[in-house]
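The next block holds one structure in the form of structure tokens; read it before the comments.
The values are calculated or read from the model by the stated rules, or taken from the named source; none is laboratory data. Worth saying up front: this structure is predicted, and the values here are computed from it rather than measured. Note that we place each Cβ from the backbone using ideal geometry, even for glycine, and neighbour counts take in every protein chain shown.
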Amino acid sequence: MKNFNFWLKLCLFNFFIVSVVGVMMRYNLAFSLPGFSHKFMQESHSHFAFYGWVSAGIYLFVTKYLTENNSGIAVSKYRFLQIFNQIGSYGMLITFLYGGYFWLSIVFSSVALFTGFAYYLFLLIDLRKNKNPETIWLKSGAFFATWSAIGIFGLGYFSARK
């Protein structure tokens, strides 16, 4: 897979960033960090951990699998979505640290969320005829990841209805 080492290093760097924000959060419990809200650090930490590190790692290894085992699949769209995921992830990292939930952090969250939807939709389409056992696991994981992400929209509805 082209650029695999770059993406792997980026995922590990993102893990380092998640760790630093986590240490900042814990430090802020005992001592004050001027200019940082503990709540905003928690939101930034959780969003970046999930999208910037975990999802990025999953996308990386699934794309690597597709490159090596399914030669008929155009993986350029998956690489493009990896870039969009990073844009959304770093946007969330910065905007949540700055101000928690507000319009710009929600924009970056939406970018990452819809990137995930697109990634899994492409995955389901590209693997629809493949019956290998490992692709059944990939498709199942895609289904459950998408289903759980749809729940985010339910939160908005239920919050509005109290």
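Criterion first (under 19 Å from the mean Cα position of the chain (by Cα) and buried (at least 16 other Cβ atoms within 10 Å of the Cβ)) does residue 25 satisfy it?
No; evaluated as a whole, the condition is false for this residue.
What pairs come out if I take residues in the range 34-51 that are free of Cβ contacts under 8 Å to residues at least 40 places away in the same chain and under 15 Å from residue 112 (Cα atoms) and pair them with residues that are hydrophobic (A, V, I, L, M, F, W, C) and not in a helix (DSSP H, G or I) whose C-beta lies under 7 Å away, six or more apart or interchain?
none
From 108, 31, 48, 36, which residue is farther than 30 Å from residue 132 by Cα, surrounded by 16 or more Cβ atoms within 10 Å (Cβ to Cβ), at pLDDT below 90 and of a type in the set (A, V, I, L, M, F, W, C)?
It is 36.
So for the range 71-83 (the condition being farther than 17 Å from residue 6 by Cα, among the aliphatic types (A, V, I, L, M) and surrounded by 15 or more Cβ atoms within 10 Å (Cβ to Cβ)), does at least one residue qualify?
Checking the range 71-83: at least one residue is farther than 17 Å from residue 6 by Cα, among the aliphatic types (A, V, I, L, M) and surrounded by 15 or more Cβ atoms within 10 Å (Cβ to Cβ).
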